[in-house]
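Below is one structure; the comments refer to it alone.
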Amino acid sequence: DGGITQSPKYLFRKEGQNVTLSCEQNLNHDAMYWYRQDPGQGLRLIYYSQIVNDFQKGDIAEGYSVSREKKESFPLTVTSAQKNPTAFYLCASSIPALNTEAFFGQGTRLTVV
Amino acid sequence: QKEVEQNSGPLSVPEGAIASLNCTYSDRVSQSFFWYRQYSGKSPELIMSIYSNGDKEDGRFTAQLNKASQYVSLLIRDSQPSDSATYLCAVNRDATNKLIFGTGTLLAVQP
């Protein structure tokens, strides 16, 4: 089945630790995105990538890092510099052209303990 | 001013009624508009997309776009309890397909 797979579904992080969220897609999409959602809020863009080995900061990139070494994969690292990382993280992919929708993975819920 | 604005709700409608969800956006060059449905704890799923002025119908859903007024809406006819969810409006300004989302409207359909 084609789709986007995020793992893990739930993740707990201790203060001061870096953690990496996985996102893999087999839709052959060039573009991939990471969004953050806080309770009762919409989605805010963290990073996006239009092509392999290239990525751009979104609106709230501070404290996060990404890589795009393969078309299928776009991992997100939440660093210790991110002061309030508890949130629901969503990965999406799309064909990077106008008038195309983004497809989402099932999300990772990160909690700082 | 937020780029994409929605009333957070909750919007409560009785089963069988028409639910009307509204969204305004600030950037006049916006090209593509999407409505996503998100159940609690789940990821968003696409309901409708619309690109030109006017109405677009798909089953019980109708999207309406008015670029002059920078306004997009979603009508849900014959609302069902299973339609109870948060509806997110998203706008795409350019070919990067960088979607800008509103905060969502919580819809509650009362049996």
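Throughout, read-outs are computed from the coordinates displayed, never taken from laboratory work. Quick caveat: nothing in here was measured; it's all calculated off a predicted structure. No Cβ is skipped: glycine too gets one built from the backbone with ideal geometry, and neighbour counts run over all protein chains shown.
Between region A:44-113 and region B:1-70, what's the alpha-carbon centroid distance in Å? That distance is 24 Å.
Around the amide H of A:Gly58, modelled in the peptide plane, lie the amide H atoms of A:Tyr47, A:Tyr48, all under 5 Å away and 5 or more residues distant in sequence or on another chain. Across peptide A:38-44, the average count of Cβ atoms from other chains found within 10 Å of a residue's Cβ is 6.
Quick one: longest stretch of chain B between exposed loop chymotrypsin sites (Phe, Trp or Tyr not before Pro), exposed meaning at most 16 other C-beta atoms within 10 Å and loop per DSSP? By the stated rule (loop sites, at most 16 other Cβ atoms within 10 Å), B:52-111.
Classification of region B:14-111 by its C-alpha gyration tensor yields a prolate form. The axis ratio a/c (a ≥ b ≥ c) is 1.5 or more, and a/b outweighs b/c. 3J(HN,Hα) couplings calculated from phi for region B:62-67 with the Karplus curve 6.51 cos²θ - 1.76 cosθ + 1.60 (θ = phi - 60°) are, in sequence order, 10, 9, 10, 10, 10, 5 Hz; Gly and Pro show x.
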